[in-house]
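The values are calculated or read from the model by the stated rules, or taken from the named source; none is laboratory data. As the structure is a prediction and not an experimental result, all values here were calculated from the model. Using ideal geometry, Cβ is built from the backbone for each residue, glycine included, and neighbour counts are taken over all protein chains shown.
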Amino acid sequence: MNKTEQRLRDTLHEIEQQGLYKQERIITTPQGVEIRTREGGEVLNFCANNYLGLANHPDMIAAATEALQSHGFGMASVRFICGTQDLHKELEQRIAEFLGTDDAILYTSCFDANTGLFETLLDDNDAVISDALNHASIIDGIRLCKATRLRYQHSDMNDLEKQLKLAQQYRTRLIVTDGVFSMDGDIAKLDEIVKLAEKYDAMVMVDDSHATGILGAHGKGTAEYHGVLDKIDIFTSTLGKALGGGSGGFTAASQPVIELLRQRSRPYLFSNTLTPALASAGIKAIELISSSSALRDKLNENTAYFRNAMYTNCFDINPGQHPIVPVMLFDAKVAQTMAARLLEEGIYVIGFFYPVVPQGKARIRVQISAAHERSHLDRAISAFTKIGREMEVIE
Ligand SMILES: *Cc1c(COP(=O)(O)O)cnc(C)c1O
């Protein structure tokens, strides 16, 4: 083995030693609630971002299949050469209408939307003010851009105000936040953020990947939830979670923002177009969530039921109303062992520990879906209770 490979092996060994090695479980069925895994057999899935159950929804499959037939498999081009079909324009228009912006632009992922955003809009005359717990793709996107970076403590509005004061000499100030933070399921205080943005003449960008389709009366996300939909300058989000879980992401904003992204955003200019099947299914997802609140209502009922039962059984769960339900266990080993024991009970959940969450804040993150039936939730609750007692996590 050469020196480099030896070094890489050492790093891998270190990762294993620290108990941080990530194993991937192999699923042999479509994504959903009742799935089969090679390692755990038949299990109930409680760790997908499949909030509305659209990942294997018949209407989504029909929309994708139809587009495969009518528009083919791949585009073999970036958008500006020969990679733009009517389906792509239609999806962009639907997204913009949904969020009430002038326009929207598609990317192959929200990760790409975020890495292609900041350097296109800002340079060294500007400042980005970012929540300390923002998603990795936001952090990377900000790294790629020459604007001054300021960070505020997670959801700390006093600190945000302090950073805004420090940023007054810059040309443009952009406040950047996740709509919902994935580890705790807590919701950004967009109402307060928007007020501070007005006071200090800043723009607001929200990455609503864990909220689009599920938060707010019409599923328009965190801004609708807080009643400030028309006060957000830039939205990014994903088609890879509630909106079907295929892949794809987007940025929605005013016309000049989107037009400049089409001209300059590197992941858009230098990466292949979303497949037509994904564009078609994206249109269907927007249709499904716009035409009825039934899936959202069921998701909310399921979440309230599960949270309440876990709370009653004395589990330490972070309060809230998001379908991300962190069951706090604090100790990494306990989180890992408990997840493994739950898998033996047929409940597929994952333990999260440092460095994904702070030291001493290990947890199992449960994710509820509209596709869960009451019987699925009950099975999870009784498995948690059984293993929790055995492991003396609860009395
Ligand atoms: C999941 C997620 C992303 C990445 O979305 P992809 O479309 O899978 O790249 C980006 N930002 C946040 C906040 C996310 O939760």
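The single residue among M328, M310 that is among the aliphatic types (A, V, I, L, M), farther than 21 Å from H376 by Cβ and modelled with pLDDT of 95 or more turns out to be M328. In segment 343-388, what residues are without any contact (Cβ under 8 Å) to a residue 40 or more places away in the chain and touching a His at 6+ places or on another chain (Cβ under 9 Å)? Of everything in segment 343-388, nothing turns out to be without any contact (Cβ under 8 Å) to a residue 40 or more places away in the chain and touching a His at 6+ places or on another chain (Cβ under 9 Å).
Please tell me if G249 is within 11 Å of the ligand (Cβ to nearest atom), surrounded by fewer than 23 Cβ atoms within 10 Å (Cβ to Cβ) and either under 20 Å from L288 (Cα atoms) or at pLDDT 95 or above (or both). No: the conditions fail for G249.
Being at pLDDT 95 or above, more than 30 Å from V357 (Cβ to Cβ) and within 16 Å of the ligand (Cβ to nearest atom) is a property that holds for L106.
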